[in-house]
Each structure stands twice: as C-alpha cells, then as structure tokens.
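Let me begin by presenting the structure, written as structure tokens, before commenting on it.
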Amino acid sequence: MYQFLFFIRKEFFHLWRDRQTLLILFGMPLAQILIFGFALSNEVKNARIAILDSSKDEMTTAIVSQLEASRYFEVADNIASSDQLEASFRTGNVKLAVVFPSNFQQEFLHNNAAAIQLIGDATDPNTSSTLINYASAVIMDYQQGLRARPEVPMMIHTEMRMLYNPQLKGSYNFVPGVMAMVLMLVCAMMTSISVVREKELGTMEVILVSPIVPIKVVLAKLVPYFLLSVVNVASILILSVWVLDVPIMGSLALLIAECMLFTMTSLMLGLLISSVATSQQVAMLVSLMGLFLPTVLLSGFMFPIENMPVPLQVISNVVPAKWFYIIVKNVMIKGTDFVHVWKPTLILTGMTLFFMAVSIRKFKTRLE
Amino acid sequence: MKAISVQSLTKRFGSFTAVDNITFDVDQGEIFGFLGANGAGKTTAMRMLCGLSFPTSGQASVAGYDLYTGSEDIKKSIGYMSQRFSLYEDLTIKENIRFYGGIYGLTNAQIKDETQALATSLQLEDKMNSLVKSLPLGWKQKLSFSVAMLHSPRIVFLDEPTGGVDPITRRDFWSMIYAAADKGTTVFVTTHYMDEAEYCNRVSIMVDGRIDALGSPTELKDQFQSKDMEGVFLRLARKAQRAEM
C-alpha cells in the first residue's frame, strides 16, 4: 500500500510538470462544450430568404409577415422578377426563395386552390429541406387560420408535441456525446501514452526489477486519470446545466455512477492499448483511430445508428461509447431510472471486465 | 555462499538460442565484468538473472534464492541500472530518490537520510530540487547508480553504465563501484570499454551466447598471450558467427 502511494505521487508529478497537456486536458471539455453549444448547431434561426411576390395582395402580404414573425426566417431580398432569383442565390445570402404567382388571392378565392413555389439552396441538403419544411408549416398554419369557418366538415388536425426536448435544442443531443468523447480521450489515450512512455524511456524495466507488484504499477497509473475524469465530468455537467440550460432530469447520483463506469471502461481500453503499443506515437494513433473515431462516428451522437447500413449497425454494438451515450441520454434528458438502463449498464460492465482481464494478462506476459 | 551461481542457463527465442548453456559463479563482494560483443547475449543473460525474463532451461541462484521460486526475494536483494538512463527527467533529484526509495519499501526517515547522504557524496546539495533533465549526462549516470544502491542491495547489476560518458566521469564512476564493492556489495557489470575490464576482479567473455573465457584479467591475458584485454577480446569476438543484432 505504502509503495502504491509513492507511485501515485510520482504520477501526479508527471502530470503536473507537463503543463501543456494538463491545460489541454482541462481546457478540452470546456472548449468542446462551448463550441458545440454556440458555434456548431444544426438548428435553423433567422435564415435569410428572398420573396418574389408578383401578386402583392392581402393574402401574400399576410403570409410573408407570418414567415417573418416566426423566428426562423428573415426576409433579406424582395425580388421583382424571376430573372433575379438565380442572382440572388448566387450571392449566397439567400437560402430559400418564396415565389407567389400573380393573382394569388384571386386564384385562391375563386378556384379554391393556389400554388406557392418554395426554392431551396440544396448545396446544403439538410438545411434546405429543414427550411422548406418550416416554411410549409408556416403556410399551412396560415391556411388553418382561414379555414376557421367549417366549410369542409371533416378534417384531420395534426398536433405535435416534442417530448423531453420541446425546444428541439441540439445541446440535449451533444452533451452526452461530448462527455463520451472527452472521457474516452482523457482516459484511454492519456493512460496508454503514460504507460508506453515508461516502456520507451526504459524506466518500466527498472520498475519491473523492483519488488513492486506489476498490478500496483498499473493501478497507480490509472488513479490520476480517474481523478482528472471526475473533474472533467463535473465541469461538463456544470457547464451544460448553467450555460447551455440542459437539465439533469434523472438522478444525479446514477448519472455520476454511470460516468465513473464509462471512465473505467476507457481506462481499461487505455491499458489494453499500452500493452500492444511499442511507442507513444503508436499508442496515440491507435487511441485516435481505434477509439476516438468510432466514438464520434458510431456512437449515434453525430449520425443516427438506425440510418446506417446493417454491417455498421452491428459494429456499433462493440463501441462502448454507444452504450454510454444511450445511458446518459436516458438518465440525463429523459430522467429514466436505473430499471430502464440496466441493460446498457450491464454491457458496459461486461466490456470493462473483459478489457481488464485481457490487459492484466498481457501485462504479465510481457514479463515472460 | 556464492552471490550468483549459474548452471547450464539457456534462453531460446523460437529457434534462436540467445544464451547457450552458460555456467559461472560470482563471489560475494566481487566485481564481475560481463563482456561480449553486441548481440552476444549479455543483456538476455542479465535480464534472466534480474527476473525480467524466464530461462528456457538451466539452474541459477541469485543472492542465495532460486531463480524460479525465489524471484520476489531476489528482487528485494538486487539493484539494477539499465542501459538506458532510467531516472525520470521531469522529476527533481529529490523526487526520484523518494520514488525509488519508496518502491523498495524504505521508510520516510530512511529516505530522508539517504537523500542527505547522497547529496553530500555527489556534491549535489544545491541541485536537489532541480529537474533531472537539467543535469549533464555524467551526473545523471552517477545519480542513477546511487539510486540503484539506495536500498543497499547485496548485488547490483549494471548494464553498460558508462556508455557515452567522458573519461573523467568514468573514473569517478569506477571509484563509486570500488567503494560499493568494499562495503561487500557484489557488482555485476557489462561494458564495452576494455580498460574498464581491467578494473574487474574477474571477467567473462561471451561469444554467440556461450561463455568462451572466464578468469581474472591477468589469467586471461596469459591464456590468450595478449598484452591487454583488448587483444583478448578481439581474438575471441572475431570468432563470432552471429551477425550483430
């Protein structure tokens, strides 16, 4: 036990002396949360649109002002003729054009039908289809208002309600994702690098000649990074609650316990990498390509797993971050109890034990 | 009792025999030079004696403990200085001493005394709180040796301790080795410098995994009719079949 404490002390000295890395480790979660929170967003706000209104009647004016009243759109350009449409898109200022034909109101009232053309800039397909959906919804809304009189006796009204995230905020989605990313990076990458560094420097050999039991060497390596992760989890949660207004709906204790579990998973993965990697560069590359990329791409945080081809869906099951992401989303955003997340928790626990068993075996065999 | 006793020790990696049936004894308090060209099997043999690698066959005892059954006891009785510099560059001298003292189970009081003694003997009093990376190589090697001797081991293994060090520091280093041997510590040292081989009580010369010569430097020079150890070494090493690894 006594030897063990000396070892942990030494690990803290290493961390403390390497200020740049320390700064990155503490700064990274903050930077990621802020970047994802304020810069990278797939929400549509105040998109600039162009209006080509050849009718200029009561109805078209009402529709345009309703579009403007929604916080999604901002009329940037009023175009007189269709020749100018192209030019307007070319400048890149305008993401959507709304085209009213002449005699819009007349057509509508006399023929009971009229058309509005919505033209989107599909260089960014996701944004343009979102914009078109929003615009159609606003127009439908206007139409519903006109239909207040029961001219058509039967009609289906759709009423939407978005559960758990009524404002459709992106931050509800990425906070769990950033948590998985940061923990994976701090724990797995840093642990593997710190173990491999000792192999590279030759200090590992001297340690192995000493009476200290190898398992203690390994555990001592984990302690500082485990504590660092606790700090990171805390800072991410504090930022999300107070800066991004993402609530913690479920039990905080459960959430923290699950985070600690995932931290252990990542630490064990780090150890596993360190037992195969022979240099710090290899350890870093393996952690980035083998752990970090799957965490970003296959955890369901950036891209929905349901939309992936079947082989990728299958592969995603071995990515620990996928299960962690499911757990955090459930506990934090939906507020579910342990009863509903026991399955992914069990899977993560299993993975952790498996990685632990393999890396301890590997560590022993290295001594031959 | 012999400090180290080796009988027919062999290590194979697949079909390659790195150490081929070597037998020798080292007396307590002796300075034993372990020579051989690169790739002759010195480091592998030394690693087996330190418990870093298991022999394929053969018997050995180190500090009176059997290599197979007493590895924990062996580890407590030996010190080891590896070929590569093995102190932590980003720790201060004091912190390195604390760490290595700690993993060998020294108490805080012992560590404090040792640190003080070491600072005085190496004349590093004013540098104890500076990072190891700021020291010149010669100092680092001397410090490394002192750290390997912290827990007063019965046997100390030195793997090319003076590689790349200037002649003056090498001489200082050998005074330290003599001082340790005078106190009864057995010194097992590998080196490439033939003048250093002359300083040893006895030397063995490994060629292709076997020990081809063993004796005091005077005996070996007589046996191979050479005026210095360099001549002895060259005659033996030229016979080697193995390419350098």
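Quick look at the values:
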quantity	calculated
Filtered residue count, segment B:20-43, keeping only those that are surrounded by fewer than 18 Cβ atoms within 10 Å (Cβ to Cβ) and either within 14 Å of the chain's Cα centre (by Cα) or not in a strand (DSSP E or B) (or both)	4
Boolean, residue A:216 is at pLDDT 85 or above and under 30 Å from residue B:51 (Cα atoms)	no
Filtered residues of segment B:201-240 (kept if under 22 Å from residue B:58 (Cβ atoms) and open to solvent by 90 Å² or more (accessible area, probe 1.4 Å))	B:210
One residue from A:348, A:367 being modelled with pLDDT of 90 or more, aliphatic (A, V, I, L, M) and either open to solvent by less than 80 Å² (accessible area, probe 1.4 Å) or out of contact with any Phe, Trp or Tyr (no Cβ under 6 Å at 6 or more places or on another chain) (or both)	A:348
Qualifying positions in segment A:1-36 - free of Cβ contacts under 8 Å to residues at least 24 places away in the same chain, farther than 30 Å from residue A:246 by Cα and either among the aliphatic types (A, V, I, L, M) or outside any helix (DSSP H, G or I) (or both)	A:1, A:5, A:18
Some residue of segment A:217-228 being of a type in the set (Val, Ile, Thr), farther than 24 Å from residue A:20 by Cα and open to solvent by 40 Å² or more (accessible area, probe 1.4 Å)	no
Number of positions in segment B:56-101 that are small (Gly, Ala, Ser), away from every other protein chain (no Cβ under 11 Å), outside any strand (DSSP E or B) and open to solvent by 20 Å² or more (accessible area, probe 1.4 Å)	1
Meets criteria (open to solvent by less than 30 Å² (accessible area, probe 1.4 Å), at negative phi, of a type outside the set (S, T, N, Q) and over 18 Å from the mean Cα position of the chain (by Cα)) for residue A:298	no
Check on residue A:209, of a type in the set (Val, Ile, Thr) and open to solvent by 10 Å² or more (accessible area, probe 1.4 Å)	no
Scan of segment B:102-114 for residues that are outside any loop (DSSP other than H, G, I, E, B), more than 7 Å from every other protein chain (Cβ to nearest Cβ) and open to solvent by less than 60 Å² (accessible area, probe 1.4 Å), ordered by number	B:111
Number of the exception - residue A:3 against (1) buried (at least 18 other Cβ atoms within 10 Å of the Cβ); (2) at pLDDT below 90; (3) away from chain B (no Cβ under 14 Å)	(3)
Some residue of segment B:8-19 being at the interface with chain A (Cβ under 9 Å from one of its Cβ atoms) and either open to solvent by less than 10 Å² (accessible area, probe 1.4 Å) or closer than 22 Å to residue B:180 by Cβ (or both)	no
Enumerated helices (runs of 4 or more DSSP H) restricted to segment A:166-233, each holding at least 1 residues that are within 14 Å of another protein chain (Cβ to nearest Cβ) and over 20 Å from the mean Cα position of the chain (by Cα)	A:190-201, A:203-209
Residue count for segment B:58-117, restricted to those that are under 18 Å from the mean Cα position of the chain (by Cα) and acidic (Asp, Glu)	0
Options B:188, B:233, B:157, B:145: the member that is touching a residue at least 24 places away in the same chain (Cβ under 8 Å), under 14 Å from the mean Cα position of the chain (by Cα) and part of a helix (DSSP H, G or I)	B:145
Residue satisfying all of: in segment B:12-71; touching a helix residue (DSSP H, G or I) at 6+ places or on another chain (Cβ under 9 Å) and charged (D, E, K, R); modelled with the lowest pLDDT among these	B:47
Candidate set from segment A:321-345 (those that are under 18 Å from the mean Cα position of the chain (by Cα) and free of Cβ contacts under 8 Å to residues at least 60 places away in the same chain); member that is surrounded by the most Cβ atoms within 10 Å (Cβ to Cβ)	A:323
Scan of segment A:15-52 for residues that are surrounded by fewer than 18 Cβ atoms within 10 Å (Cβ to Cβ), within 14 Å of chain B (Cβ to nearest Cβ) and of a type outside the set (Val, Ile, Thr), ordered by number	A:16, A:17, A:18, A:19, A:20, A:22
Scan of segment A:239-273 for residues that are open to solvent by 10 Å² or more (accessible area, probe 1.4 Å), under 27 Å from residue A:11 (Cα atoms) and within 22 Å of the chain's Cα centre (by Cα), ordered by number	A:256, A:257, A:260, A:261, A:264, A:269
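Table: residues versus (1) closer than 12 Å to residue A:100 by Cα; (2) of a type outside the set (Asp, Glu).
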position	(1), (2)
A:51	yes, yes
A:64	yes, yes
A:72	no, yes
A:77	no, no
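Residues checked against (1) more than 14 Å from every other protein chain (Cβ to nearest Cβ); (2) more than 30 Å from residue A:14 (Cβ to Cβ); (3) modelled with pLDDT of 90 or more:
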| position | (1), (2), (3) |
| --- | --- |
| B:119 | yes, no, yes |
| B:126 | yes, no, yes |
| B:131 | no, no, yes |
| B:170 | yes, yes, yes |
| B:183 | yes, yes, yes |
| B:200 | yes, yes, yes |
| B:221 | yes, yes, yes |
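The values are calculated or read from the model by the stated rules, or taken from the named source; none is laboratory data. Here the structure is a predicted model, which is why all the values come from computation and not from measurement. Here Cβ is always computed from backbone atoms with ideal geometry, including for glycine, and neighbour counts include all displayed protein chains. Surface accessibility is based on the protein's heavy atoms, side chains included, excluding ligands, DNA and RNA. Shrake-Rupley method; radii C 1.70, N 1.55, O 1.52, S 1.80 Å.
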